[in-house]
1. Full-extension gain between L415 and T307, please, as 0.36 nm times their residue separation minus the C-alpha to C-alpha distance.
2. Could you compute the FRET efficiency for I345 and A86, with r as their C-beta to C-beta distance and R0 at 30 Å, rounded to 0.05?
3. Rounded to the nearest 20 debye, what is the charge dipole size of the chain about its Cα centre when +1 sits on each Lys and Arg Cβ and -1 on each Asp and Glu Cβ?
4. When the Debye formula is applied to the Cα atoms of the stretch 294-348, each taken as the same point scatterer, what base-10 log of I(q)/I(0) results at q = 0.28 Å⁻¹?
5. Using only Cα atoms, locate the centre of the stretch 104-132 and the centre of the stretch 264-340, then give the distance between them in Å, rounded to an integer.
6. Helix-only estimate, please: 222 nm mean residue ellipticity of the chain, summing -39500 (n - 2.57) across DSSP H runs of length 4 or more and dividing by its residues, to the nearest 500.
7. Mind listing the Cα extents of the stretch 354-465 along all three principal axes, in Å, largest one first?
8. Please work out the Cα center distance from the stretch 1-79 to the stretch 138-170, rounded to the nearest Å.
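The values are calculated or read from the model by the stated rules, or taken from the named source; none is laboratory data. Not measured: the values here are computed from a predicted model. Note that each Cβ is placed from the backbone with ideal geometry, even for glycine, and that neighbours are counted across all protein chains shown. Calculation scope for accessible area: heavy atoms of the full protein, side chains included, ligands and nucleic acids excluded. Shrake-Rupley method; radii C 1.70, N 1.55, O 1.52, S 1.80 Å.
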Amino acid sequence: MATVRTSIHGYWSSRFAFVLAAAGSAVGLGNIWKFPYMAGENGGGAFVLLYLICIALFGLPVMMSEVLLGRRGRSSPVNTMTTLAAEEKRSRVWRLLGLMGVLAGFLILSYYSVIAGWALAYVLETATGTFSGVSGEQAGEVFDNLISNPRRLLFWHSVFILLTMVVVIRGVNKGLETAVRILMPALFILIIIMIGYAMLHGDFLESLKFLFAPDFSKLSPEVVLKAMGQAFFSLSLGMGAIMMYGSYLPDDASIATTSFQVAIADTLIAILAGLAIFPIVLANGLEAGQGPGLIFNTLPLAFGQMTGGLIFGTLFFILLVFAAWTSAISLIEPAVAWLVEKFSISRFISSIICGLVAWTVGLGTVYSFNSWKKIDVFDGTILEGKSFFDLLDYLTSNIMLPLGGILICIFAAWLMSEKSRRDELKIKYEVAYKLWRFLARYLTPIGVVLIFLHVLGVLEKLNIT
Ligand code: PHE
């Protein structure tokens, strides 16, 4: 028997609308801001290869499992897990998986919004011609001036949280579809134009080598963990965003096909962003491993020199803000929907509360780039020198999301009945179903746990590596 549950928050108008919304969630700062600097910091090719492997082996099975649970539960992740645990006669403790997702969503949004604020500030900088003909050094100064000024950061952070809340208050299925339908292709075309520029004026061949020729001497357990974390972060997995969006998915849509499409689109955009950025970094002798400022220190150089750079540059940062916006909405939607269900309050009140919480936690990140660069209490520990932002990013991407991801797989592939799984997935080809089940049952959970143990040094102590 198929489930008869319905979503009180609405539905996507079609399968395609879900793909767009999920792609809107997946494609964001993770692809354009984070992927390039992570690749740059962690040695290029080897990191990129691991990231791709993690997308295929962990990302896809987790995404399918997450959509599956969401569509079956048809409510916010917390209540979806409560309902499904009861239905499958499992412990109520599974609710905590939903709650961990809500927490991860708040933590991620809190810093995500500050970085999206940088992009907002750059729309203005680019449009007013700040970057016309700048040198690398001058571009660097513009960036340093921005991040060393907490007031400016706070202002743009506040603007971005407000923007996010405006959409969430209206309900995500209104507006989001249309926005993503136009903006995604526009962003794609703009990145292609920038790759064209990079091919003509940057060190394109060197950047191909940097991104695709793996140098395995650069690998360490930490790098493997970061590549895995980046795969989860970039695909929006492990915290309930995709589960939430899955709960609005019409019954007849294929979960496997839609997940595949989202994963391909997301990965493509990340790789293309890398190809647009590294030729410029390498040709101008910029530091590939400089961290979170990478695209803000690099792209203005290109925009400052290319014909029509003022327009392209402005458009690029506007589209980056939009991409971040559609991701931010999905970060907070599970929390907003849950509060609505739990306390029967309006979407308006719920959104305001969630926005305020994320805004407040974001203050920690605002100060991470100026007066509070490192947290002193960690001196002398392995966390020495890390800022509040570094810690949040590390904790969420590398620990909470992968952990959420394997728990989702365990529930979907072990604890649900075979019948519920098949009912929901409706995969035509038996081999494909078996492959998903194998990955979700064994490979993903075991792979992620081994990576955790590797980082903790447990494998080394047992003489396994
Ligand atoms: N995937 C988004 C990005 O790449 C970030 C995100 C993570 C969104 C987790 C939702 C959940 O920018």
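1. Values: separation 108, 0.36 × 108 = 38.88 nm, distance 5.80 nm.
33.1 nm is the gain from fully extending L415 to T307.
2. Values: r = 24 Å, r/R0 = 0.80.
Result of the calculation: an efficiency of 0.80.
3. Working: 32 positive and 29 negative charges, 347 e Å.
The calculation lands at about 1660 debye.
4. Treating every Cα as an identical point scatterer, log10 I(q)/I(0) equals -1.03.
5. 10
6. Details: 22 runs with 323 residues, N = 465.
It comes out at -22500 deg cm²/dmol, rounded to the nearest 500.
7. Extents along the principal axes: 57, 46, 19 Å.
8. 26
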